[in-house]
Amino acid sequence: RVESWLGVETDEAADAANEPPRDAEYELVQDVAALQRWIEAATLAGAVTIDTETTSLDAMQARLVGISLSVEPGRACYIPLGHGGAAGGELDLDAIAPKQIDLDQALGLLAPLLADPGVLKISQNIKYDMEVLASHGINITPVDDTMLLSFVLDGGSHGHGMDELSRRHLNVDPIPFKQVAGTGKQQLTFAPVPLEAARDYAAEDADLTGRLHRILKPRLVADSMVTVYETIERPLIPVIVAME
């Protein structure tokens, strides 16, 4: 499994990614034992897809609401960390918060995994996730970015957002944000979204990103773009994070 994530066993990895997860398993992680189980699975796999859910598109203003992880196609989890709040998105201290792991405790458990040089961390636009978690003192390395992989491989031929890449490569329409958070003046931030809906949305993002990685990463060799990605584009990610 580790080899296929890193671009070896190309045909097998691509076949696995293209198969729709008929019985997708998306787990809501609400206790330390379950979180430790996922950390162990990611460490054993040698690669994990991550995605953060927050209250803002601006990484410098965003409050962390949860983290999703995926280690194989069709299997992912969502770890709620900051759910609860009023409909307008502001934190409501009088509201009863749903069951979730304490933020500092969860990040303390995740930090060694996210900094482990032997575990590849994969995300769509990972620069954002790195900046959000850097505000909590967490460093993420080494990394791969499906958005950047797509850009290196296909340039200006199409967009490189999650929705377009999922439709193009996986024939999947991801759950739209408006389906879980509403639209217009009634739109919520992610914090008040019910946990079950948050799980399905966030875990799917991690799942689809991992499947995209299995398709895109092997193409670097086939398209003779390994040097461009590995020596120019990918090394710039932590540089830009530090600058911003």
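The values are calculated or read from the model by the stated rules, or taken from the named source; none is laboratory data. These numbers come from a predicted model, not from an experiment. Positions of Cβ are backbone-derived with ideal geometry, glycine not excepted, and every protein chain shown enters the neighbour counts. Please note that ligands, DNA and RNA were not included when accessible areas were found on the heavy atoms of the full protein model with its side chains. Shrake-Rupley method; radii C 1.70, N 1.55, O 1.52, S 1.80 Å.
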(request) Output the residues belonging to region 29-53 that are open to solvent by 20 Å² or more (accessible area, probe 1.4 Å) and under 15 Å from the mean Cα position of the chain (by Cα). (result) Ile39, Asp51
(request) Tell me the helices (runs of 4 or more DSSP H) entirely within region 143-195 that contain at least 2 residues that are at pLDDT 90 or above and closer than 22 Å to Asp129 by Cα. (result) 146-154, 162-165
(message) Looking at region 214-235, I want the residues that are over 17 Å from Met147 (Cβ atoms) and at pLDDT 95 or above and have a partner that is open to solvent by less than 50 Å² (accessible area, probe 1.4 Å) and aromatic (Phe, Trp, Tyr) with Cβ atoms under 6 Å, at least 6 apart or on another chain. Which pairs are those?
(response) none
(message) Can you tell me which of (1) touching a residue at least 40 places away in the same chain (Cβ under 8 Å); (2) part of a loop (DSSP other than H, G, I, E, B); (3) surrounded by 14 or more Cβ atoms within 10 Å (Cβ to Cβ) is the one His136 doesn't meet?
(response) (3)
(message) at positive phi and at pLDDT 95 or above: which single residue out of Gly46, Gly85 fits that description?
(response) Gly46
(message) As an exercise: evaluate Asp205 against (1) open to solvent by 40 Å² or more (accessible area, probe 1.4 Å); (2) of a type in the set (Asp, Glu); (3) part of a helix (DSSP H, G or I); (4) farther than 16 Å from Leu120 by Cα and give the number of the one condition it does not meet.
(response) (1)
(request) Report whether or not Leu170 is over 28 Å from Leu107 (Cβ atoms) and surrounded by 14 or more Cβ atoms within 10 Å (Cβ to Cβ). (result) yes
